[in-house]
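Engineer: Once you've had a glance at the structure underneath, I'll fire off some questions.
Rule-based calculations on the coordinates, nothing more; no lab input. Predicted model, so just to flag it, every value in this text is computed and none were measured. Note that we place each Cβ from the backbone using ideal geometry, even for glycine, and neighbour counts take in every protein chain shown.
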Amino acid sequence: MEQQRLREAISSAQAGQARGYEALLGAYGPRLYGFFLRATGRHHDAEDLLGELTLRLVRRLKHYDHRGRFEPWLFRIAANMVRDHLRRMRRRRVVVSLSGEDEFGEPLAERVAAKVAPVHAGVVAGEDAARLDEALGKLDIATREVILLRHFGQMSFKEIAEIAGSPLGTVLARAHRGLGELRRVMGYNDGTR
């Protein structure tokens, strides 16, 4: 979003006008959703986080002093929300009953015993995304955040450094190390993939 339109949208939203919020969410919503989706791996969680971010934006925007740093400010809020969400998820216990059936009528106990998921349309396309989500989950939180902000939040390294409160060199090192680790985990180091 160009700076003049951004200033107008922020001023409009700060004045309580819905069109200002709509302009901001229209401009940044898809990137934020992509960031949340890759960070959590679940559409439902990404939608919830985007909704929660919208509420935070409504509450906090009136205190925002626009000096050309809106995008890092917004993504800092998003990154903090993801950190909180991941902490909550680690603490949450999940209880699964194997006595029922999955969404395709298959007994869950048989699926677990066979260790084979049923084949569905679209599985092949989803395998790469699932592998990426799994690989991202193996990165430490700070490195994962840099990768997600850079590649799914479309942030510059300078903006990421500002968001993370880290030196630019540290952010660049995390990105380099994280991408190398993703290549290794996903099997792309040998040039065959």
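Engineer: Kindly rank 51-63, 142-154 from highest to lowest mean number of other beta carbons found within 10 Å of each residue.
Structural biologist: So the peptides 51-63, 142-154, ranked by packing, come out 142-154, 51-63.
Engineer: Given the peptides 26-33, 71-78, arrange them by the average over their residues of other C-beta atoms within 10 Å, most packed first.
Structural biologist: Highest mean packing first, the order is 71-78, 26-33.
Engineer: Report relative contact order for the stretch 138-193 in percent, whole number only (criteria: Cα-Cα under 8 Å, sequence separation at least 6).
Structural biologist: Relative contact order, the stretch 138-193: 36 percent.
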